[in-house]
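A quick write-up on the structure given underneath.
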Amino acid sequence: MRKKAIEAYESGKGTQSDIARMFDVDIRTFQRWLSCYRQNGRTSPLPRGHRHAVFEGGDLEYLDRLISEHPDATLEELRDMSGTTASIMSVKRASDRLGYRFKKNASRQRART
């Protein structure tokens, strides 16, 4: 749709306001599309998404071994043992992908001795 709107404007089919109305977008949105096209020659939106997971491939296998060897370790301890600077939530998400679940305990109390 962006490409068609820009092509319509470039071919002189109307003003920016006319083109924006024709394609049912806000005038400011069309102006941003046009500005981006003129600066970069790009009509497609920027890619969206998140960063890649910290624990992938070999790192995920290493985390799996750590959990197997230290089943009573906390997420923070697993993070420290893995040698990464990842957040505790990254360790949690990776352990969830591996199928592990952690028991909630009272603070500073282990589930097993």
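The values are calculated or read from the model by the stated rules, or taken from the named source; none is laboratory data. This one's a predicted model, so the numbers in the text were calculated from it and none came from an experiment. With ideal geometry, Cβ positions are generated from the backbone for all residues, glycine too; neighbour counts draw on all protein chains shown. Just the protein is used for accessible areas: all its heavy atoms, side chains included, with ligands, DNA and RNA removed. Shrake-Rupley method; radii C 1.70, N 1.55, O 1.52, S 1.80 Å.
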Practice task
Quickly run through the range 37-94 and pick out the residues that are closer than 30 Å to Met1 by Cα and of a type in the set (Phe, Trp, Tyr).
Solution key: Tyr37
Completion exercise
Selection from the range 33-42 of residues closer than 18 Å to Gly12 by Cα and open to solvent by 40 Å² or more (accessible area, probe 1.4 Å) yields Ser35, Tyr37, Arg38
Problem - the range 1-20 residues that are modelled with pLDDT under 95 and open to solvent by less than 50 Å² (accessible area, probe 1.4 Å), paired with ones that are in a loop (DSSP other than H, G, I, E, B) and among the β-branched types (Val, Ile, Thr) (beta carbon under 7 Å, 6 or more apart) - result: Ile6/Thr43
Problem - Sole residue being within 25 Å of the chain's Cα centre (by Cα), surrounded by fewer than 16 Cβ atoms within 10 Å (Cβ to Cβ) and assigned to a helix (DSSP H, G or I), chosen from Thr29, Thr85 - result: Thr29
Fill in the blank from the handout: Scanning the range 4-26 for residues that are in a helix (DSSP H, G or I) and of a type in the set (Phe, Trp, Tyr) gives Tyr9
Practice task
Scan the range 49-64 residue by residue and report those that are surrounded by 11 or more Cβ atoms within 10 Å (Cβ to Cβ) and either in contact with a strand residue (DSSP E or B) (Cβ under 6 Å, 6 or more places away or on another chain) or of a type outside the set (A, V, I, L, M, F, W, C) (or both).
Solution key: Glu56, Asp59, Glu61, Tyr62, Asp64
Problem - Among the candidates Leu75, Leu46, residue that is at pLDDT below 90, open to solvent by 60 Å² or more (accessible area, probe 1.4 Å) and within 25 Å of the chain's Cα centre (by Cα) - result: Leu46
Fill in the blank from the handout: Here the residues within the range 89-103 that are touching a Leu at 6+ places or on another chain (Cβ under 6 Å) and of a type in the set (D, E, K, R) are Lys92
